[in-house]
Amino acid sequence: MPSGSVVVVGGTSGLGLEVARHYAGQGREVVLSGRDRRRAEAAAAEVGGKARGIDLDLAEPAELADRLADVEGVAHLVLAAIERDENRVSAFDLEGATRLAVLKLVGYAEVVHVLAPRMDPEGAVVLFGGRAKDRPYPGSTMVSTVNGGVTGLVHSLAVELAPVRCNAIHPGIVGDSPYWSAKGEPALEPVRNRTPSRRLVTMEDIVGAVVFLLENRSVNGENLHVDGGWLLL
Ligand SMILES: NC(=O)c1ccc[n+]([C@@H]2O[C@H](COP(=O)([O-])OP(=O)(O)OC[C@H]3O[C@@H](n4cnc5c(N)ncnc54)[C@H](OP(=O)(O)O)[C@@H]3O)[C@@H](O)[C@H]2O)c1
């Protein structure tokens, strides 16, 4: 097992929070982040164990080195953050589009740049993309774009970070995640019906896949789709 903490950027909510909960429950040191320090500390207290919360804004990449200055000795790094915009080219919100593009592509890469020298050589990085890269939904123009960008970033990082491994996970619609469960059955039922497994992906499924990508020592440079076979129908 690599030594050091498990860092989860975007760990105050949804999938990142569940990954943080998993590793805190295993007794690992966990550093989880959100944009607001108090919210991050509350999430860390909720997952318990040896977790602590820090604040950083991926859309302000020039500040990230300072925000991460006291994060030492990293075993695993998970980048799960997103600030969703509902964007379409017919009514393009430039500000939201720019924030999301900077957050996921430049912000993720800058966090890796800052923390890579502090990582155990046997550790690993997981980036969150998403199936919207292949199957867009109304308003997903920028989400589809940045999640597609994650695919290329992983290939580059797997080479640059060696021997540290880097993989990405691309979930389908995660039915019990806060963002999608809030939309309710009218949004979820068509997805379930179009999925060969006839069930929606769960947060537990995603945590299991992230753990696999972090801990299997031969998996590297992969873009893993976890979607119940959604794209086959
Ligand atoms: N949910 C799904 O069904 C689904 C499907 C496919 C892919 N994904 C991907 O999975 C990842 C997690 O999604 P989720 O639905 O679990 O997300 P979520 O519940 O919306 O949580 C987003 C996280 O990102 C943090 N965050 C937001 N803006 C940030 C910023 N500018 N800088 C740093 N952190 C920021 C939030 O922290 P604060 O709000 O505390 O600041 C929160 O911890 C995303 O990358 C998403 O693209 C999710």
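If you check 108, 137, which single one turns out to be in a loop (DSSP other than H, G, I, E, B), open to solvent by less than 60 Å² (accessible area, probe 1.4 Å) and within 11 Å of the ligand (Cβ to nearest atom)? Break it down stepwise before answering.
On the way: 108 fails: in a loop (DSSP other than H, G, I, E, B).
That would be 137, the only listed residue that is in a loop (DSSP other than H, G, I, E, B), open to solvent by less than 60 Å² (accessible area, probe 1.4 Å) and within 11 Å of the ligand (Cβ to nearest atom).
Six or more apart or on different chains, Cβ atoms under 6 Å: show the pairs whose first residue is in the stretch 132-151 and closer than 15 Å to residue 91 by Cβ and whose second is open to solvent by less than 50 Å² (accessible area, probe 1.4 Å) and at pLDDT below 95.
Hits for this filter: 142/85.
Would you tally the residues in the stretch 120-129 being crowded, with 22+ Cβ neighbours inside 10 Å and either out of contact with any Phe, Trp or Tyr (no Cβ under 8 Å at 6 or more places or on another chain) or not in a strand (DSSP E or B) (or both)?
So the answer is 6.
Take the stretch 4-30 and flag every residue that is more than 10 Å from the ligand (Cβ to nearest atom), farther than 14 Å from residue 125 by Cα and either surrounded by 24 or more Cβ atoms within 10 Å (Cβ to Cβ) or not hydrophobic (A, V, I, L, M, F, W, C) (or both).
Answer for the stretch 4-30, where residues must be more than 10 Å from the ligand (Cβ to nearest atom), farther than 14 Å from residue 125 by Cα and either surrounded by 24 or more Cβ atoms within 10 Å (Cβ to Cβ) or not hydrophobic (A, V, I, L, M, F, W, C) (or both): 21, 22, 23, 25, 26, 27, 28, 29, 30.
Can you run down the residue pairs with Cβ atoms below 8 Å, 6 or more apart or on separate chains, where the first is in the stretch 92-113 and within 16 Å of residue 7 (Cα to Cα) and the partner is part of a helix (DSSP H, G or I) and open to solvent by 40 Å² or more (accessible area, probe 1.4 Å)?
110/65
Listed residues 144, 156; which is away from the ligand (no atom under 13 Å from the Cβ) and in a helix (DSSP H, G or I)?
On the way: 144 fails: away from the ligand (no atom under 13 Å from the Cβ).
156 is the lone residue from the list that is away from the ligand (no atom under 13 Å from the Cβ) and in a helix (DSSP H, G or I).
Pairs only if they're at least six apart or on different chains, beta carbon under 8 angstrom, first in the stretch 46-68 and acidic (Asp, Glu), second in a strand (DSSP E or B); list them, first residue then second.
55/33; 55/34
Out of everything in the stretch 71-91 that is open to solvent by 70 Å² or more (accessible area, probe 1.4 Å) and within 16 Å of the ligand (Cβ to nearest atom), what residue ends up being nearest to residue 9 (Cα to Cα)?
Here the answer is 84.
Within the set of pairs 6+ apart or on separate chains, which have a first residue in the stretch 172-190 that is without any contact (Cβ under 8 Å) to a residue 24 or more places away in the chain and within 14 Å of the ligand (Cβ to nearest atom), a second that is β-branched (Val, Ile, Thr) and open to solvent by less than 70 Å² (accessible area, probe 1.4 Å), and C-beta atoms under 9 Å apart?
So the pair list comes out as 180/173; 180/174; 180/191; 181/174; 187/173; 188/173.
Which number in (1) more than 14 Å from the ligand (Cβ to nearest atom); (2) closer than 12 Å to residue 111 by Cα marks the one condition that residue 49 misses?
Result: residue 49 fails condition (2) only.
For residue 218, which of the numbered conditions (1) more than 30 Å from residue 88 (Cα to Cα); (2) modelled with pLDDT under 95; (3) of a type in the set (Ser, Thr, Tyr) fails to hold?
Result: residue 218 fails condition (2) only.
Among the residues of the stretch 31-46, write down those that are of a type outside the set (Asp, Glu), farther than 17 Å from residue 126 by Cα and more than 8 Å from the ligand (Cβ to nearest atom).
Within the stretch 31-46, 37, 38, 42, 44, 45 qualify.
Is it the case that residue 132 is within 14 Å of the ligand (Cβ to nearest atom), under 17 Å from the mean Cα position of the chain (by Cα) and open to solvent by 20 Å² or more (accessible area, probe 1.4 Å)?
Details: within 14 Å of the ligand (Cβ to nearest atom): yes; under 17 Å from the mean Cα position of the chain (by Cα): yes; open to solvent by 20 Å² or more (accessible area, probe 1.4 Å): no.
No: the conditions fail for residue 132.
The values are calculated or read from the model by the stated rules, or taken from the named source; none is laboratory data. Quick caveat: nothing in here was measured; it's all calculated off a predicted structure. Methodologically, a virtual Cβ is constructed for each residue, glycine included, from the backbone with ideal geometry; neighbour enumeration extends over all protein chains shown. These area figures cover heavy atoms from the full protein model, side chains too; ligands, DNA and RNA do not enter into them. Shrake-Rupley method; radii C 1.70, N 1.55, O 1.52, S 1.80 Å.
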